[in-house]
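Below: one structure, written as structure tokens.
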Amino acid sequence: MTMVHIWNRNIWHIALSVIFVASCSKAGEPVVPSEDVQSMVSVSAGGPEDGPEVKAPVIGTKPSSFGMMLVEAGTYNSYQDFTSNVAVTARDNDIDINNTLWNFCYTGSRTWFKEFFFINKKDGSNNDVNVDVYAYAPFNGNLTPALLTAIPYTFDSQDDIMWADQNQAGFTFPGDGLSAAGYKNRDIHVNGEHKYVQFDFNHILSLIALQFKLKNTEHPYDDNSGSNATTYLLTGVRFTAKNGTVVKTGTMNALTGAFTKGEVNSGTFVKEWRGRESNPLLTISSGTEYSSPFYILVCPDSYIDPSHHYTDGDFTIELELYTQEKGYLPYSTVTINAADLGGNGLEKNKKYTFSFTFDNHIHFDGAKTEDWTDEYLEYGI
């Protein structure tokens, strides 16, 4: 009972214009002398451009947050302490294609700004120090530039960790699109002129998506909405994995995208997500449309062991449902078979969707594979 839907490479484009006026600094904010040379910055960040809407644990087509690290050019020494790990996040979760608004928070500060800029720095001989900019996603306040090669991952966090193409040594921008406007991430001279940096993010994980719909029943009940519609509530998901099939911890190298496994499960691994009638994980209504997906992020087989091959039943998913009419229903069990993963097991940058219909039983609706498209989108403030 399973289904496939390929989650292809995510390379995003988020354009943001950023300006910062430092004369009104408050406690906890960086204090910038007005005579310092400041360069206004435009940041373009991107991902899999035309992907589907993505909910809570997963960064979608446009990141809800990412981190920028500014270092002295050619080193991993912080350019300034307050720009060693800058948080960038969408304002009020507003991630609109045409007009995304962004906030910026400097390292060690609790104040958010709508604008951002580079500030000139001098060395001991009063020479200008150029700046390199790196990025990763999602933002993690515990990181420093020294940890760019070892960003931590845990299965339990269900965070979609990502790295940017421009972090690679020797990366050069092509002479087209945004890059033709002078985008540059390395060896930036802060001279008061407008600067442009760009990040194209990539997934290293695999995404399992579960979506559901409810077959029309003979005896619908009133759900207090006045629609007299039947509704099932998903109140529990239990993910079970056989010995040696789940990477529980590891690290990502944000400079290269390489992943290093840490602990792999010894014995049966179980992860549960719980909801309740008043706050379910998902609401499943009768009709022709599937619910919003419930997502589970996992490391691909190759990160467990290059010789590892997924076998039928390595992963089992159990679903708990509640209805006003029947109360809590017995767990429904979904076994993921190798054929449902496209024949290659789990692969990075891919999404595997499993679709089901409920009545008195659970019905698997088949498998579908879909590549994400690479259409350029530009949006910003």
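Observations
- Taking the criterion of being open to solvent by 30 Å² or more (accessible area, probe 1.4 Å), closer than 30 Å to Gln166 by Cα and out of contact with any strand residue (DSSP E or B) (no Cβ under 7 Å at 6 or more places or on another chain), the residues of region 254-289 that qualify are Thr256, Ala258.
- Within region 303-342, tally of residues that are open to solvent by 40 Å² or more (accessible area, probe 1.4 Å) and under 14 Å from Thr245 (Cα atoms): 8
- Selection of first residues in region 309-329 that are at positive phi and of second residues that are part of a strand (DSSP E or B) and open to solvent by 40 Å² or more (accessible area, probe 1.4 Å), restricted to Cβ pairs under 9 Å at least 6 apart or on distinct chains, gives the following pairs, ordered by first then second residue: Gly313/Thr335.
- Any chance Ala209 is modelled with pLDDT under 95, part of a loop (DSSP other than H, G, I, E, B) and among the aliphatic types (A, V, I, L, M): no
- The set of residues in region 86-136 that are at pLDDT below 80 and of a type in the set (S, T, N, Q) comprises Asn93, Asn98, Asn99, Thr100.
- Only one of Asp200, Asp159 that is of a type in the set (D, E, K, R), closer than 30 Å to Glu347 by Cβ and in a loop (DSSP other than H, G, I, E, B): Asp159
- Unique match (being out of contact with any Pro (no Cβ under 9 Å at 6 or more places or on another chain), of a type outside the set (D, E, K, R), open to solvent by 40 Å² or more (accessible area, probe 1.4 Å) and at pLDDT below 90) among Asn216, Asn228, Asn191: Asn216
- Residue in region 273-286 that is touching a Lys or Arg at 6+ places or on another chain (Cβ under 6 Å), assigned to a strand (DSSP E or B) and not aromatic (Phe, Trp, Tyr) present: no
- Among (1) within 30 Å of Glu325 (Cα to Cα); (2) at pLDDT 95 or above; (3) in a loop (DSSP other than H, G, I, E, B), the one test that Ser266 misses: (1)
- Reported count of residues in region 130-145, each being surrounded by fewer than 20 Cβ atoms within 10 Å (Cβ to Cβ) and either under 16 Å from Lys184 (Cβ atoms) or charged (D, E, K, R) (or both), is 1.
- Condition met for Thr369 (among the hydroxyl-bearing types (Ser, Thr, Tyr) and at pLDDT below 85): yes
- The residues of region 104-129 that are surrounded by 14 or more Cβ atoms within 10 Å (Cβ to Cβ) and within 11 Å of Thr83 (Cα to Cα), listed by number, are Phe104, Cys105, Tyr106, Thr107, Ser109, Phe116, Phe117, Phe118, Ile119.
- In the condition set (1) surrounded by 12 or more Cβ atoms within 10 Å (Cβ to Cβ); (2) at pLDDT 90 or above; (3) in a loop (DSSP other than H, G, I, E, B), Ser292 is compliant with all but (2).
- Every residue from region 330-346 that is in a loop (DSSP other than H, G, I, E, B), small (Gly, Ala, Ser) and without any contact (Cβ under 8 Å) to a residue 60 or more places away in the chain: Gly343, Gly345
- Screening Asn185 against (1) buried (at least 20 other Cβ atoms within 10 Å of the Cβ); (2) at pLDDT 95 or above; (3) assigned to a loop (DSSP other than H, G, I, E, B) leaves a single unmet condition, (2).
- If you go through region 147-174 and pick out every residue that is out of contact with any strand residue (DSSP E or B) (no Cβ under 9 Å at 6 or more places or on another chain) and either aliphatic (A, V, I, L, M) or on the phi > 0 side of the Ramachandran plot (or both), you end up with 2.
- Some residue of region 333-354 being modelled with pLDDT under 90, polar (S, T, N, Q), in contact with a strand residue (DSSP E or B) (Cβ under 9 Å, 6 or more places away or on another chain) and closer than 30 Å to Phe201 by Cα: yes
- Any hit, region 164-177, residues being surrounded by 19 or more Cβ atoms within 10 Å (Cβ to Cβ) and closer than 30 Å to Lys271 by Cα: yes
The values are calculated or read from the model by the stated rules, or taken from the named source; none is laboratory data. Computed from a predicted model, the values in this text were never measured in an experiment. Here Cβ is always computed from backbone atoms with ideal geometry, including for glycine, and neighbour counts include all displayed protein chains. SASA here: full protein model, heavy atoms, side chains in, ligands and nucleic acids out. Shrake-Rupley method; radii C 1.70, N 1.55, O 1.52, S 1.80 Å.
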